[in-house]
Amino acid sequence: MRKTLRWVLSLTVLIGTVGLAETTATASPDAERGATSADGDAAAKEAAAKDIKDRLLAVKGMSLIEEKPYDGYRFFVLNYTQPVDHRRPSKGTFQQRITVLHKDTARPTVFSTSGYGLNTNPGRAEPTRIIDGNQVAMEYRFFTPSRPAPADWSKLDIWQAASDQHRIFKALKPIYGKKWLSTGASKGGMTATYFERFYPRDMDGVVAYVAPNDVNNREDSAYDRFFENVGTKECRSKVEAAQREALVRRAPLKKLYARYAADNGRTFKIIRSFDKAFEAVVLDVNWGFWQYQDSASACAKVPDAKTVTDQELFDWIDEVGGWNGYTDQGLEYYTPYYYQAGTQLGSPDITQPWLAGLSRYGYQPPRNFVPHEIPMKFQKNAMKDVDRWVRHNSHRMLFVYGGNDPWGAEPFRPARGAKHDSYVMTAPGANHGANVAQLVGDDKARATQRILAWAGVPAAQAEAAKPLAPYDAKLDRKDRDRRDSLRP
């Protein structure tokens, strides 16, 4: 989890978790609205008859930013007032952006998170299409503009973020009273997992895609083993040779990098060294190639280290990793991510022996990518706590990974057995964009069937194991922000 990449929760965090996590099962829609009589039923029908925008804006703390039309849906971009500190709600608030893709209150709802900023254009997560439901999406706290002012960075942790989701869910559940699933990819998959760990009674199921699980930040050999075996030997050798050649040609490539920085107004105050920024980009190349390139076609495009020109090598690295990644301008957006990587999430540290003797800094820690005036202290037990909970207490959780994705080298392993109804599945040959559609054989049908069942659709539809909504080229496209190309 860095561009690439790259918790002990304190006693206070653990006490807060016990004290604040919900411990009662989600009530039925009728029970939540108090509709236990004829009068209650009439009140529920009256509420349902109101325009959905009016119902959303009647939620305390909710305000409209804009509504965007889309055929078959209503799409709203909203602000929701959140406490800066969920343990001390009186100590200040901030505005957190969310979106609502509304289809019908009679349909189930998906709570989708990226773990980063918010896409304010209509779009559907894969589970939303599968269940043909509504979708709520949340901007992760401290990603602008959802950042408290002034920013107390100690309030950026996985429990506070999970509590953001919990409050949003509780606010919207009276409107969207059917089943809820949470989902997310990469850091969004991690976010969905942490939400489930701290508030296990909120959701009816979890679909977490390509979610890294760096349990022990000091022990990262699983990633080294991954790079020793991914793809074909021929392809691995070509990528490694091109990456090594970039360090051999450090001087001429740095000249091209300096020109790039000057032409694009890029600076290096955060990382404090132009040379460190250069090497960080180069050391990310191998990870970035396997994370997002389609190896079946991309291997043929890897330049020959013996014949490639300086400019061709520079351009290929820009395509695979991106020279902007460790500039001040490239790092700014991702400050909240690097802060979390250096305080709770952890960050893989790979050895890359083929670069021996050429690397001056090795894989640099997240501390190097966060402004130095922001204090950071690593909580070594935070991820161990989540991992332990997932292994022993998880229910109705599906983890999907890509066989060629380095972030899957340390996966989550949910509790086993029929009573837990949890699964981990891998799409062979897929990268960091792996999803249910890329699963093969029985896995694809089983995953789809469980998602439908968790969402409460009729048994016959669930057993058919097919998405209920047709594919929509705009809503379901898998665009990825290049700024995020090498982060989880």
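The values are calculated or read from the model by the stated rules, or taken from the named source; none is laboratory data. Every value quoted in this text rests on a predicted model; they were computed, and no experiment measured them. Note that each Cβ is placed from the backbone with ideal geometry, even for glycine, and that neighbours are counted across all protein chains shown. For accessibility, only protein heavy atoms count, side chains too; no ligands or nucleic acids. Shrake-Rupley method; radii C 1.70, N 1.55, O 1.52, S 1.80 Å.
So, in segment 425-456, of the ones that are under 20 Å from the mean Cα position of the chain (by Cα) and not aliphatic (A, V, I, L, M), which residue ends up surrounded by the most Cβ atoms within 10 Å (Cβ to Cβ)?
That would be His432.
Can you pull out every residue in segment 394-424 that is closer than 27 Å to Val230 by Cβ, open to solvent by 40 Å² or more (accessible area, probe 1.4 Å) and either among the basic types (Lys, Arg) or part of a loop (DSSP other than H, G, I, E, B) (or both)?
Of everything in segment 394-424, those that are closer than 27 Å to Val230 by Cβ, open to solvent by 40 Å² or more (accessible area, probe 1.4 Å) and either among the basic types (Lys, Arg) or part of a loop (DSSP other than H, G, I, E, B) (or both) turn out to be Arg413, Arg416.
If the Cβ limit is 8 Å and pairs must be 6+ apart or interchain, which residue in segment 422-449 that is closer than 12 Å to Tyr401 by Cβ pairs with which residue that is acidic (Asp, Glu) and open to solvent by less than 20 Å² (accessible area, probe 1.4 Å)?
Ala430/Asp405; Asn431/Asp405; His432/Asp405; Ala434/Asp405
For segment 111-122, indicate whether the set of residues that are over 15 Å from the mean Cα position of the chain (by Cα) and within 25 Å of Lys466 (Cα to Cα) is non-empty.
Yes, that holds for at least one residue.
Would you confirm whether any residue within segment 147-157 is open to solvent by less than 10 Å² (accessible area, probe 1.4 Å) and farther than 30 Å from Val457 by Cα?
Yes, the conditions are met somewhere in segment 147-157.
Name the pairs whose Cβ atoms lie under 7 Å apart, with the first residue in segment 205-219 and within 9 Å of Val400 (Cβ to Cβ) and of a type outside the set (Asp, Glu), the second at pLDDT 95 or above and open to solvent by 10 Å² or more (accessible area, probe 1.4 Å), and 6 or more positions between them or separate chains?
Once the first residue is within 9 Å of Val400 (Cβ to Cβ) and of a type outside the set (Asp, Glu) and sits in segment 205-219, its partners that are at pLDDT 95 or above and open to solvent by 10 Å² or more (accessible area, probe 1.4 Å) give Tyr209/Ala185; Tyr209/Asn435; Val210/Ala185; Val210/Gly408.
Table: residues versus (1) charged (D, E, K, R); (2) open to solvent by 60 Å² or more (accessible area, probe 1.4 Å).
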| position | (1), (2) |
| --- | --- |
| Ile52 | no, no |
| Gln82 | no, no |
| His86 | no, no |
| Pro89 | no, yes |
| Thr109 | no, no |
| Asn121 | no, yes |
| Glu126 | yes, no |
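Residues being surrounded by fewer than 20 Cβ atoms within 10 Å (Cβ to Cβ), among the small types (Gly, Ala, Ser) and under 17 Å from Leu313 (Cβ atoms): count how many of those fall in segment 192-250.
2
Answer yes if at least one residue in segment 275-286 is closer than 30 Å to Ala437 by Cα and either outside any loop (DSSP other than H, G, I, E, B) or among the small types (Gly, Ala, Ser) (or both), and no otherwise.
Yes; the residues of segment 275-286 include at least one that is closer than 30 Å to Ala437 by Cα and either outside any loop (DSSP other than H, G, I, E, B) or among the small types (Gly, Ala, Ser) (or both).
Quick one: how many residues across segment 155-186 are over 22 Å from Phe94 (Cα atoms) and of a type in the set (D, E, K, R)?
Going through segment 155-186 one residue at a time, the tally reaches 2.
Could you check, for segment 464-481, whether at least one of its residues is of a type outside the set (Phe, Trp, Tyr), surrounded by fewer than 20 Cβ atoms within 10 Å (Cβ to Cβ), in a helix (DSSP H, G or I) and modelled with pLDDT of 95 or more?
Yes; the residues of segment 464-481 include at least one that is of a type outside the set (Phe, Trp, Tyr), surrounded by fewer than 20 Cβ atoms within 10 Å (Cβ to Cβ), in a helix (DSSP H, G or I) and modelled with pLDDT of 95 or more.
Restricted to segment 338-362, and to residues that are in contact with a Pro (Cβ under 9 Å, 6 or more places away or on another chain), open to solvent by 10 Å² or more (accessible area, probe 1.4 Å) and not in a loop (DSSP other than H, G, I, E, B), which residue is nearest to Glu410 (Cα to Cα)?
Among them, the one singled out is Gly342.
Among the residues that make up segment 378-393, is at least one of them open to solvent by less than 30 Å² (accessible area, probe 1.4 Å), of a type outside the set (Gly, Ala, Ser) and not in a helix (DSSP H, G or I)?
no
Which of the residues that make up segment 267-290 are in contact with a helix residue (DSSP H, G or I) (Cβ under 6 Å, 6 or more places away or on another chain) and not aromatic (Phe, Trp, Tyr)?
Thr267, Lys269, Ile270, Ile271, Val282, Val285, Asn286, Gly288
Of the residues that sit in segment 274-309 and are surrounded by 17 or more Cβ atoms within 10 Å (Cβ to Cβ) and among the hydroxyl-bearing types (Ser, Thr, Tyr), which one is nearest to Leu331 (Cα to Cα)?
Once the filter is applied, the top-ranked residue is Tyr292.
When only residues in segment 363-377 that are of a type outside the set (D, E, K, R) and open to solvent by 70 Å² or more (accessible area, probe 1.4 Å) count, which is farthest from Arg416 (Cα to Cα)?
Looking at the filtered set, the residue picked out is His372.
I'd like the full set of residues that are surrounded by fewer than 19 Cβ atoms within 10 Å (Cβ to Cβ) and outside any loop (DSSP other than H, G, I, E, B), limited to segment 317-337.
Matches in segment 317-337: Asp318, Glu319, Asp328, Gln329, Glu332.
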